Amino acid sequence: MKKTIVFLALMGALLLTACGPKKGEPAPSRSAEAQAMLAKMKAAAEGHKVMFGHQDDTAYGHTWAGIAAPQEQDADASTEGRSDTKEVCGDYPAVIGFDLGRLELGHKRNLDGVLFDKMRREIIAHYERGGIVTLSWHLDNPLTGNDAWDFHDKGTAASILPDGKLHEEFLTRMGRVADFLASIKTADGTPVPMLFRPWHEHTGSWFWWGQEICTTEQYKGLWRMTYDFMQARGLTNLLWAYSPGTEPTTQEEYFERYPGDDIVDVLGFDTYQYGPREPYLATMKRSLDILVEAAKTHGKVAAVTETGFESTPDPTWWTGTLLPALGDAPVAYVLVWRNAWDRETHHYGIYPGHESEADFIEFYKNPRTLFAKDIQ
Ligand code: BMA
């Protein structure tokens with residue numbers, strides 16, 4: 001409760017300083033709701049709170065397939081409202097992530113089997129409970145037709161940029177994404193604000209938009225093309241997150257492929273623990289130092305946009321590793337990856353019965369962390 005009161009006081013102060021567009025000014029590139037969402041993130045970071053986030057939290061969980069089930073039914077009513085996080089600590093995460101991969105192809109389900117109709121409902125429900133939604137996009141390789149991890153053809157980015165042979169087709173694909181995003185509205189027609197995080201982890205070379213696969217100019221071109229397209233479609237409810245991996249070791253490297261302050265609202269990075277905690281702690285420290293400085297000099301909100309330790313094979317990982325790794329860094333949120341329902345060991349969040357359950361409850365109670373009810 002205490003953490004809620006402090007947080008609300010900070011929010012109030014920030015909202016008082018926000019002002020709307022004056023007469024005759026050009027239309028704002030961020031809707032009032034998007035600006036309020038950014039203020040919420042800023043308040044968390046400035047108040048040295050960190051919002052907990054979990055990918056696909058309400059879509060499925062470690063032991064329940066929900067709408068990701070392979071059957072053709074559109075929704076499994078028995079899983080409505082479920083959340084592995086809530087089943088452990090009594091509250092939803094403050095931030096929930098969803099992935100748009102294959103929406104651009106007109107598919108009914110994303111690359112992990114999540115129905116887009118259900119995703120829309122979950123995004124609205126999370127916004128209505130005061131939460132924040134972030135969207136990643138593991139989009140298939142448009143040149144080869146394989147998945148996002150097909151980085152073998154270095155001509156892919158060029159093929160969809162203006163003048164590329166697939167440019168028109170890619171506009172059609174972005175149009176499908178824009179149509180879906182435009183359809184995410186509350187009952188009174190308000191477009192739901194969402195933090196869009198395309199072209200992520202580009203400083204590594206495992207996606208077709210990665211460091212060794214396209215040039216700096218092409219990468220920036222992908223961003224500019226996507227941003228201009230969504231803005232032209234009136235999607236001012238989107239905020240935009242730039243999230244490289246942890247390859248950058250300097251400010252220059254962090255910003256090497258940065259699309260620009262006029263596009264980006266949130267700066268982040270993605271990183272995972274793969275073994276002993278020391279290298280993870282060291283990488284987190286180095287990357288947080290770079291991130292916090294970057295956010296400060298560019299006037300942006302910082303966040304740890306993806307992290308986790310697959311299977312969380314450490315009973316005190318939440319308070320013993322994740323919290324110390326975050327330290328006192330002013331980051332708005334930390335998002336852990338998904339709890340796959342169809343892969344026994346592919347889980348990064350918590351679920352009832354996991355060996356770190358008691359520690360997660362301590363993490364939840366810690367004054368540093370915020371969950372959905374804390375940011376209402
Ligand atoms: C990856 C894995 C994949 C998944 C992808 C997009 O890191 O979790 O199984 O398809 O993210 O969600």
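Structure summary
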read-out: Subset tally (residues that are surrounded by 22 or more Cβ atoms within 10 Å (Cβ to Cβ) and either part of a helix (DSSP H, G or I) or more than 16 Å from the ligand (Cβ to nearest atom) (or both)) for the range 46-64; value: 4
read-out: Tally, over the range 223-247, of residues that are open to solvent by 10 Å² or more (accessible area, probe 1.4 Å) and either within 20 Å of residue 38 (Cα to Cα) or out of contact with any Lys or Arg (no Cβ under 9 Å at 6 or more places or on another chain) (or both); value: 11
read-out: Meets criteria (modelled with pLDDT of 95 or more and closer than 18 Å to residue 135 by Cα) for residue 304; value: yes
read-out: Hits in the range 156-189 - residues which are in a loop (DSSP other than H, G, I, E, B) and surrounded by 15 or more Cβ atoms within 10 Å (Cβ to Cβ); value: 161, 164, 166, 184
read-out: Close pairs from the range 80-100: first at pLDDT below 95, partner hydrophobic (A, V, I, L, M, F, W, C), Cβ under 9 Å, at least 6 apart; value: 81/125
read-out: Answer from 151, 116 - the residue that is touching a helix residue (DSSP H, G or I) at 6+ places or on another chain (Cβ under 7 Å) and aromatic (Phe, Trp, Tyr); value: 116
read-out: Qualifying position, being surrounded by fewer than 22 Cβ atoms within 10 Å (Cβ to Cβ), more than 20 Å from the chain's Cα centre (by Cα) and among the small types (Gly, Ala, Ser), among 358, 294, 340, 329; value: 358
read-out: Some residue of the range 122-141 being within 24 Å of residue 306 (Cα to Cα), within 14 Å of the ligand (Cβ to nearest atom) and open to solvent by 60 Å² or more (accessible area, probe 1.4 Å); value: no
read-out: Failed item, numbered, when residue 238 is tested on (1) within 26 Å of residue 153 (Cβ to Cβ); (2) in contact (Cβ under 8 Å) with a residue 40 or more places away in the chain; value: (1)
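Results for (1) open to solvent by 10 Å² or more (accessible area, probe 1.4 Å); (2) within 16 Å of the ligand (Cβ to nearest atom); (3) not basic (Lys, Arg), shown as yes or no for each residue.
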| residue | (1), (2), (3) |
| --- | --- |
| 311 | yes, yes, yes |
| 344 | yes, yes, yes |
| 354 | yes, no, yes |
| 363 | no, no, yes |
| 375 | no, no, yes |
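The values are calculated or read from the model by the stated rules, or taken from the named source; none is laboratory data. Just so you know, these numbers come straight off a predicted model, no measurement behind them. All Cβ positions, even for glycine, are placed from backbone atoms using ideal geometry, and neighbour counts span all protein chains on display. Quick note on the areas: whole protein, heavy atoms, side chains included, nothing else; ligands and nucleic acids left out. Shrake-Rupley method; radii C 1.70, N 1.55, O 1.52, S 1.80 Å.
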